[in-house]
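Q: One structure is given below, represented as structure tokens, and several questions about it will come after.
Please treat every number below as a calculation from the coordinates, not as lab data. Every value quoted in this text rests on a predicted model; they were computed, and no experiment measured them. Counting neighbours? That spans all protein chains shown, and the Cβs are built from the backbone with ideal geometry, glycine included.
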């Protein structure tokens, strides 16, 4: 039974059971029943997030433990066995905990909620322990002597050398308990130094393994087979593995890489899902400080704790919500207030000194709620009491300074947190259990849509560092909305999602913030690495330009507003200029045009950013048509030529290279982390669905094989 | 005691104990005493060869077993522990035998003399076996039941599941013998399937290890540590390892690669040792059909079983012997016949019908032996009886068809082999125990110098395939020389080596065979690989041109014969022409000149051949001086620029790439085998000693680290 989940090592605890999750969200309706079949008693999802395009994480609650579902959204069954669960909290395997931490790329770690366990894998009440404790020591003693005798006998008969102190390998019970008890867990089994070569030695023996004549690790030997400790293999070969639960017990699961490739379900379309972004949650990244109340888009702390609007991140925020909107089913929307009709279900409480009335709004041609109460008062409050969904939305027009606050019941026992949306330009603040987001003056009608889960967690985790602090807190129930100051409210709703609001927030931010050169200047200093001159604030990125195109083109297709298409078309300008002229164009060996994610000097030729820019150019040329799209088409075609010619330079035969700095600077290759490697593959898959050049199929096939330890041939 | 060498598994057998070996030959006089100290009873060397520049193999006899000395010639002590012995015949470890085979790069395998052992590591008479056999089965039974009972007891108390059939893990003796006995060796220890998860299971249990969700291997588990079988690790990661002898017992020796870097002792000089070639034995390669009796140089079968003179191989033959001549001490020379004076020690036997007389030779101004006897007769014979050395040399002038034969006692029990050097142009033939080499008419005086060890083994191993058959035969004693036909003989000697004879044979072959374009045409078709047009017979190689330069320049410095320098200077011509004009020059991306080992279409940019050509150009420009050497200097400088710029393209971050076909053809990188990787390093070390650009130091350092599992950083 190994560490029986039911019996040992699990503190029963209720985990947050999210309503916002539905198997179909993640596009494996076909797998999911299979999982349920294999694992009874799944309570539902604990949480789900994607730490990187291509790395989705789904956590399911099972027997009171949060497990990670390690498959990738939309993965076709492809005959493969249903994906296993990897325990994020592998009850009673301390190493396992460290493992599952390491298993995630850096960005992700903080986003995970780890619950450390006491070092002992066996809490006192564990049945195994019980029986071992009860075990008669007398019986053991008798056996002990008997076997000591035997081994001595064997020894003297078999060995021509002086016998080393014989050990008793014959106490399964005791030995096991020693093994399992915390103080013994780390050390190797107690063998005399010479036991490894004992003549009448045990079935298996310890053997020194000398690694490259440099270090020695303790292995195990059985006859002619030698076993190497994974704790060494793991570090030496940079691979991953952990003891995991499977039907009927435990097994060791070895993974060459930690990242999974996105299984593309349909050819790419400029108005369709963007690559794998349907599973990507930008706002959950710990380098997103918060979603600005004024701008409605994420603020990045990637390269500066002060925070800045990073066009790449904003476009990805838009594209991920656009993609979710296409793949998720329409959310249930609970309406609490529409002053137009009586359909709202919410109850208002109006304290003394405050007033609330329904009035006709000419501009909207509908009735709205007019509220008026001093900042000092409690404010008028609307009962919401929703324990299911966490996206709140309302139309707001303020006549004075004011605020709309939402009171939340959270997973922190008996603690109410309040998120205040106030008429200021302050980004975010936390005081005790009050979180503040500035939303600007709002002196004319606008809709405010907020993800209370994100707003709560970013508030609680607020820090001056680059990364938002990790926290276990989750909202459990939206209790009520409170308005102060003077103004109008309408259409108060709560829903599971509001993806289009996020998408348009991003799209309109891009409209507002494009400069006269067609670019989205990035206002932080960026030093790509040793040997590169650093980019001063105001630089453009081909990736930002391209991802913005992909976003704007989609906004245009939905709205037909020419402004969106116009902005996308203007965004091609920097592709025509070299870095010296604030452009993003580089040329490889005077031959191949390249669009730089980071237009460094010397050029860096970052692969993934280049491919994102090509996807943007494709979206644009496809949408703008023959005439308007000519520029984009030429840039796309020249870029694709370069890509096809230069792809081999990024192939190490066992992985990929992030950029060409090794060639430009004469240094070591800058190998791509596994999640960048899968991004390369996801991008090639996408491009392969719009260009049937064999090179894409071949590279996708080979690069996928590297994820499973595959390797190019040697001569 | 593990597999006690003395006690178990070793058939006592006398191995050939060579006289031609001396510690200093291999340049580790400082190590060698250390080895002797660590291992008593070394009888001497079994054999020594180098299968590839940089891969030397030395075999020492110890306790009747041939062991490999795994260090590299000339390796500085560098504080490293004295190199271990790797058993080539790891007595009683069948896997070990396969291992040591695999450990060698392909070319080498056949050259090794493997003695397979019976599958059982323990021959019947093994003491361990004896005692186990004697072991009272009664005692075992009692113990058996006792422990079965115990485990059952444990089981029922600790497990909440129906107990799997308990196994008796308590028979060290029996278990061990089972482990070791042939039929059981391969299978995993007999555990019930569920034992791996047994509650009170042994402290050391079997666990399924699922590899990338694809395959499952049986690992071992101790508490939180998991052990993976090396038999899997080895294949999965393409690494090497074996159980080896060390002081006091056995240990497992893991090697990331099988190849060693040459430790350069002094800066490179055009008249000095050529790179690592002092340890390189061209003639031992199984792709050398034999040493031609007419030409005195090796005939290659690398790309055609018919055999052809390969200028690269011939130059390397010359350079290796030149280098040995500089690093080895002068050989002892036994003189058997100098008709000039009476100093010869040999005794002549003249059968009836034959005549032998000493006559004055005007051209040589010395007395010589005149012999005359019909082909039908036994021939006149000179007693040699030399059991120490195997290089025979004599001056010969034939007046008719005739032959000089050498009778050898060999390691094949009671078998005499005769090597016949006959006045014909036949390359080589074998009839029963007679081996024939044509040496041409020899109608004027010339010196014939032959390595009887090579001539014997190439004769016995003669085949129509590309590879010479492997054979265990070795010469033990040179009994006598026999002359037939009519002619003159003088200066009959036997010595341990005659390196300069081999060197000049190669140098003069290069003089004779250079064509009017300054090249050495290679008369085989060469297809480098899929996607390359094949090279038709008559192609030139920059590597051949460069290695010939290195050889000719050395011949010039010794002899001052202008012909040698002239030929080296003419050899630069093909460097100036592109492949289409039968030249060897390629240009990378219109920018970097490159000299092609294989001037393919498209260009292939083979790294090691390019560097050999640069070394040749360096030798030439240094020797020819400012004026004559101008051409060579310009070619060298342009080439070095290209090398410095393009080196990063060959760096995978964990090894090197053999050529740039992946970029030229859009395919997977053609990874360099470890011995090519070390060749790259050896060449960079050499170039670093004549050009102090930091790039050489940095790349040597990093590329060396890859041999020990080092890896470039990832982003």
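Q: Report, as an integer, the average count of C-beta atoms from other chains found within 10 Å of each Cβ along B:645-653.
A: 6
Q: Roughly how many whole Å is it from the C-alpha centroid of region A:480-548 to that of region B:404-428?
A: So the separation of the two Cα centres works out to 88 Å.
Q: Related question: For a quick protection proxy, order the peptides B:354-363, B:206-215 by their average other-Cβ count within 10 Å, most packed first.
A: Order by mean packing, descending: B:206-215, B:354-363.
Q: Please report how far the C-alpha centroid of region B:641-674 lies from that of region A:298-367, rounded to the nearest whole angstrom.
A: Centre-to-centre distance over Cα atoms comes out at 55 Å.
Q: While we're on this one: Mind giving me the FRET efficiency for residue A:216 and residue B:469? R0 is 41 Å, r the Cβ-Cβ distance, nearest 0.05 is fine.
A: Efficiency, rounded to the nearest 0.05: 0.50.
Q: Where a ≥ b ≥ c are the square roots of the eigenvalues of the C-alpha gyration tensor, would you call region B:638-691 rounded, which needs a/c under 1.5, or, failing that, prolate if a/b is larger than b/c, or oblate?
A: oblate
Q: Tell me, in nm to one decimal, what length is gained between residue A:447 and residue A:715 on full extension, where the rule is 0.36 nm per residue of separation less the Cα-Cα distance?
A: Result for the pair: 90.1 nm of gain on full extension.
Q: With a 10 Å radius around each residue's Cβ, average the other Cβ atoms per peptide and rank A:447-453, A:651-657, highest first.
A: A:651-657, A:447-453
Q: Sequence gap at least 6, Cα distance under 8 Å: using those rules, report the relative contact order of region B:353-439 to the nearest whole percent.
A: This gives 16 percent for region B:353-439.
Q: For peptide B:707-714, how many partner chain Cβ atoms fall within 10 Å of a residue's Cβ, on average?
A: Per residue, the average neighbour count from other chains is 6.
Q: Quick one: with label points 7 Å out along Cα→Cβ, list the inter-copy distances for residue B:476 in nm, shortest first?
A: List, nearest first: 9.3 nm.
Q: Here's a follow-up. Taking 7 Å along the Cα-to-C-beta vector as the label spot, tell me the residue A:534-residue A:237 distance in nanometres, rounded to one decimal.
A: The modelled label-to-label distance comes out at 4.1 nm.
Q: Measure off 7 Å from each Cα along the Cα-to-Cβ vector at residue A:486 and residue B:247, then give the distance between these two points in nanometres to one decimal.
A: Label at residue A:486, label at residue B:247, 9.5 nm between them.
Q: What nm distances, shortest first, do you get from the label point of residue B:692 to those in the other copies when the point sits 7 angstrom along Cα to Cβ?
A: For residue B:692, the inter-copy label distances come out at 6.1 nm.
Q: So how do A:252-260, A:298-306 stack up, highest first, on mean other-Cβ count within 10 Å?
A: Numbers: A:252-260: 22.1, A:298-306: 18.8.
Packing proxy ranking, top to bottom: A:252-260, A:298-306.
Q: So if I take the alpha carbon set of region A:484-563, get Rg, then get Rh from the Kirkwood formula, what is the Rg over Rh ratio?
A: That ratio equals 1.14.
Q: Determine the shielding of peptide B:234-245 by partner chains: average, over its residues, the number of Cβ atoms on other chains within 10 angstrom of each Cβ.
A: Values: counts 2, 0, 7, 6, 3, 4, 0, 6, 2, 6, 1, 0.
Counting other chains' Cβ atoms within 10 Å and averaging over B:234-245 gives 3.
Q: Also, I was wondering about something else. Do you know the relative contact order of region A:347-387, to the nearest whole percent, from alpha carbon pairs under 8 angstrom that are 6+ apart?
A: Rounded, it is 48 percent for region A:347-387.
Q: Under the convention of a label 7 Å out along Cα→Cβ, give the distances in nm from residue A:710 to the same position in every other copy, shortest first.
A: 3.0
Q: Then there's this: Would you mind computing, in nm to one decimal, how far apart the modelled labels at residue A:665 and residue A:512 are, each placed 7 Å from Cα along Cα→Cβ?
A: 3.7 nm
Q: I would also like to ask the following. Could you list the residues of region B:664-687 with an amide nitrogen less than 17 Å from a label point located 7 Å from the Cα of residue B:708 in the Cα-to-C-beta direction?
A: Answer for this model: B:678, B:681-682.
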